[in-house]
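Q: One structure is given below, represented as structure tokens, and several questions about it will come after.
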Amino acid sequence: MIRAIEFSLFVIGACIVFYVVDLLFMRWQGLTL
Amino acid sequence: MSTLARVSGYALALIGMFTGYSYFGIPQVVPEPPPKQTHIDASMTIDEFTALGASIYERTCALCHSGLGDRAPKLDRIGSLWRERVNDPRYRGKATTLEAYLRESMVDPSVYVVQGFGKPGAADTESPMPDVSKGAIGLSAAEIDAVIAYLQSMAGEKVSVSPRAAKPGVAGKHAEAAGGAGSAPDAVAALTRYQCNVCHRLPGIAGAEGTPALGPDLRTMAKTANTRAPGLDASSFIRQSILAPDAVIAQGFTPGVMPGDFGQRMRAAELEMIVDYLAKEH
Amino acid sequence: MLLVFVLLLVIGGDFLLPHAYGQSQDAVEAGAAFQSGAPRLTLTDYPTYKGINSRVAVWIAAQLHLFFAAFVLGVPIFVLVIEFIGWRRRDLRYDRMAHEFIKISMGAFALTATSGGLLVFLLVVLYPALFAYLTHVFGPVMMLYALLFLAETVCLYVYYYGWDAMQGRLKPAHLLTGLALNIVGTVLLVLANSWATFMMAPSGVDAAGVFGGDAWAAVASPLWMPLNVHRFIANIAYGGAIVGAYAAYKFLSGRTAEEKAHYDWMGYTANWIAVVALLPLPFAGYWMTKEVYAYSQQMGITLMGGIFAWLFIIQAVLIGTIFLAANFYLWCGMGRLDGRSRTAYLVKYIAGVLVVCFLVWFTPHTLVMTAREISAIGGTHHPVLGPLGVMSAKNSAVNIMILATFLTYQLFRRSLIRDAPPWAARATRLQIAFYVAAVANIIGLGIYGYFVPANVRIGLSVPQVMTTLLLIVVCVVIDELIAARSGGASKVYWGRMPRRAQYALFTVAVAFTWLMGLMGYIRSSIRQHWHVYTVMRDGSADAFTLTIGHATAVVSVCVLLFLLLILFVFWLAGFGRTQEVTPRTAAATGLP
């Protein structure tokens, strides 16, 4: 159970990281997401 | 068998597969030949001039302005849209007539960019369209007028340009001699190219009067086409009749006479031109 | 021999080519010939010879030169890196492998020069007016290029022949020689690239072709840097692929277990180089295409939406082949380890994912169709599969293929680790989470792309790439940390590979070569009926664009000729002492 929560947190954290990547690299091109 | 033979055999088989796929798995599209060069001068009729404009348009402009994907705006409604655009606050040009607007759009396309078609990152202030009088397109002033004539006639507006007397030897780079391998410039040319007038009486084309017609008279298609087959409107019926001639046989005529391969031979643009032409009242 | 060739080129050029900068009356007249721009050529300006199709002759010579040049420029790059690693780790095996790699390519250097010379002479004889114009613009650049071959020769021969002599204290000097070799090679690459990109997107000349005199402006075409980056990386991948084929061949013909172990190790390393360098290539290609669109929408659309669109379907087939073959080789490689890996069950899913992605990439979109075809499918795009044919879907597919390939490699690497630290399990779960998020992000962006305008959709490809790269970086960092803190590594039984795995290496090499030929054809042909796009029209009888079948037939001929010649090169490499050392299986694995 704890493992599942931990894993979910990892996934959410990773998704946030990638979302930031998306925003950054769209802004870099002068576009909006 | 030695390693060399096995490995060579394998390499040959692999190369053979790629080559075979390229020949038999991919449609062998025959590219357009390079454009020929012809004269434009004052002895051309307006129709010839407009037809020339159409052929230049097909060859050059239709690549982007065909409505496929969203590369460039379609131009079929330019006759009604141009005034809106000229009055749009984003318009930075000086045109007050359709002719002037068209010419401006061709040589200075960034003067007004239709929403959504601008270069990325420039908020529709910069057009990806090149100046057609320069570079790879390189239309001469007379050729630009020919395209304007075509666009005006396509929009149903009066053609306000005429073929100018060009200096001898000054050829347009993109004007194509009629009968080249490219698409026919208009419906009449297409109908003539595919010899429809040999069997059918057609609107606007002189037929062989006196000989018994091999196929139905098509001059009144506009009135009757939408009643010939249940569920098909006029255009769809005409299109079906060209692509699958034996689907509906007119009274008094026999199946298997009209060629069934127009679908292969005709360009899509030519088919649509013919369908539109026959569906119109003449 | 190279010296003689260079001298011939310089002296011969003096006679054959007009002086752009001379003082004689002839020179003034020749120079004046270009004062109003590029010449307008007609059929009579092209010498023809019975039995020789000028276009095909130049094409074959150019393509052979490119195959060999890519090989001989790519190999020294990874040879230097491997030698450096061997020096830092004080491991002679790397040094010996690097030496063997460069030995394989020695025979190819002469063939590179030969094919280059053939190309130049064919251009001078068959396309004199074009070549005169190009030398008018690039004269000084070409002379520099020819002289740099002297430098390349010196560096190469010192680097290769001095290898054993320059050990120990002289090793740094040897490494510097290798570095010099690579720098000269790269300069040669970018100089030659400038002529190709000038022909596609001329710069430094006005619309009529009048040259302003600034050589740098002519070199710095908007397509120059994208082509430089693309070819630099592709050369590394290609060098790896060809060397891998050599290793596979020697493995199959090896008689002792020692030989097989040695060439298995070499094949693994070469394949690793090829795959790692292959991964950034799609993005170099996207950059190039983006610059083509930015330079000329017309050229861009001809490339992707016009008559060349179908060729990209063939490209998809080839790249799918390369990915599947490379992955297959890695899967077979798991057999080098003891026992069945816990993660071996994933392989069939990875294979499935690769196949699905390949099919998405393979789906066409905007095609030239006949009226009947349009009528048959009810429109200009397929009602069901049409949506898959666009950039959004294809970019997502390629990124997933890269991730799947990286996963395969990661599974192999992780199976080697014994006695991992206690936190390794949690770190692995973190990595899995990153994979899940990465795939979700890539697919999410891909789906989102359908709902936004075209320019935004194309822009989405950048975060997709960055997602893939970030995932690879995160996983590599974590893996290295685990490996550094673990007890040891499993035994790798080099040589324990099935024969069919070696055919996977041949597949990579052959498909790679064919793909290069195809892509080179596309890049050249989007100029269509221009020698120099918009500036100098092609007035020859061959100005038309070929059908796909004919074009690919010529590509196949080029590939066959190249394979024949490279077999000769491999044969030469077999003389003398072939293998240097066998890796000890009980010791460190010898993996990069």
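Q: Give me the helices (runs of 4 or more DSSP H) completely within region C:213-332, filtered to those with at least 2 residues that are within 14 Å of chain B (Cβ to nearest Cβ), ordered by residue number.
A: Once the helices (runs of 4 or more DSSP H) in region C:213-332 are filtered for at least 2 residues that are within 14 Å of chain B (Cβ to nearest Cβ), what remains is C:224-253, C:257-278, C:281-295, C:297-304.
Q: Turning to a different aspect of this structure: Would you check which residues across region A:8-31 are more than 7 Å from every other protein chain (Cβ to nearest Cβ) and of a type outside the set (D, E, K, R) and list them?
A: A:8, A:9, A:12, A:13, A:16, A:17, A:19, A:20, A:23, A:24, A:28, listed by residue number.
Q: May I ask you to list the residues in region C:502-534 that are among the hydrophobic types (A, V, I, L, M, F, W, C) and more than 29 Å from residue C:333 (Cβ to Cβ)? Before the answer, list the steps.
A: Taking region C:502-534 as the starting set, the residues that turn out to be among the hydrophobic types (A, V, I, L, M, F, W, C) are C:504-506, C:508-512, C:514-516, C:518-519, C:522, C:526, C:530, C:532.
Result: C:522, C:526, C:530, C:532.
Q: While we're looking at this one, here's another question. Considering only region B:17-27, state which residues are facing chain C (nearest Cβ under 8 Å) and either modelled with pLDDT of 85 or more or not in a loop (DSSP other than H, G, I, E, B) (or both).
A: B:18, B:19, B:21, B:22, B:23
Q: Give the number of residues within region B:248-262 that are surrounded by 14 or more Cβ atoms within 10 Å (Cβ to Cβ) and either at pLDDT 80 or above or under 16 Å from residue B:277 (Cβ atoms) (or both).
A: Summing the residues that are surrounded by 14 or more Cβ atoms within 10 Å (Cβ to Cβ) and either at pLDDT 80 or above or under 16 Å from residue B:277 (Cβ atoms) (or both) in region B:248-262 gives 2.
Q: Would region B:257-273 turn up any residue that is more than 12 Å from chain C (Cβ to nearest Cβ) and free of Cβ contacts under 8 Å to residues at least 12 places away in the same chain?
A: The answer is no; no qualifying residue exists.
Q: Just the residues that are in contact with a strand residue (DSSP E or B) (Cβ under 8 Å, 6 or more places away or on another chain) and either within 14 Å of chain C (Cβ to nearest Cβ) or polar (S, T, N, Q) (or both), please, taken from region B:102-161.
A: Scanning region B:102-161 gives B:136, B:139, B:140.
Q: Right, next: For residue C:524, only one of the following conditions fails: (1) on the phi < 0 side of the Ramachandran plot; (2) among the polar types (S, T, N, Q); (3) facing chain B (nearest Cβ under 8 Å). What is its number?
A: (3)
Q: Could you list, in sequence order, the residues of region B:49-96 that are at pLDDT 85 or above, assigned to a loop (DSSP other than H, G, I, E, B) and of a type in the set (A, V, I, L, M, F, W, C)?
A: B:75, B:95
Q: Tell me the residue from C:449, C:459, C:444, C:488 that is away from chain B (no Cβ under 14 Å) and at pLDDT below 90, please.
A: C:488
Q: What's the number of the condition residue C:178 fails, among (1) at negative phi; (2) among the small types (Gly, Ala, Ser); (3) free of Cβ contacts under 8 Å to residues at least 40 places away in the same chain?
A: With respect to (1) at negative phi; (2) among the small types (Gly, Ala, Ser); (3) free of Cβ contacts under 8 Å to residues at least 40 places away in the same chain, residue C:178 is out only on (3).
Q: One residue is enough: does region C:422-434 have a residue meeting the conditions closer than 26 Å to residue C:284 by Cα and either among the acidic types (Asp, Glu) or more than 14 Å from every other protein chain (Cβ to nearest Cβ) (or both)?
A: no
Q: Now, a different point. Given the conditions (1) surrounded by fewer than 19 Cβ atoms within 10 Å (Cβ to Cβ); (2) at pLDDT 95 or above, report the number of the one that residue C:115 does not fulfil.
A: (1)
Q: Restricting the first residue to region C:538-558 and requiring it to be more than 8 Å from chain B (Cβ to nearest Cβ), which pairs with a second residue that is surrounded by fewer than 19 Cβ atoms within 10 Å (Cβ to Cβ) and modelled with pLDDT under 90 meet a Cβ separation below 6 Å and a spacing of at least six or different chains?
A: Note: pairs meeting the criteria are C:539/C:42.
The values are calculated or read from the model by the stated rules, or taken from the named source; none is laboratory data. Since the model is a prediction, treat every value here as computed from it, not as a measurement. Every residue, glycine as well, gets a Cβ built from its backbone with ideal geometry; the counts of neighbours run over all protein chains shown.
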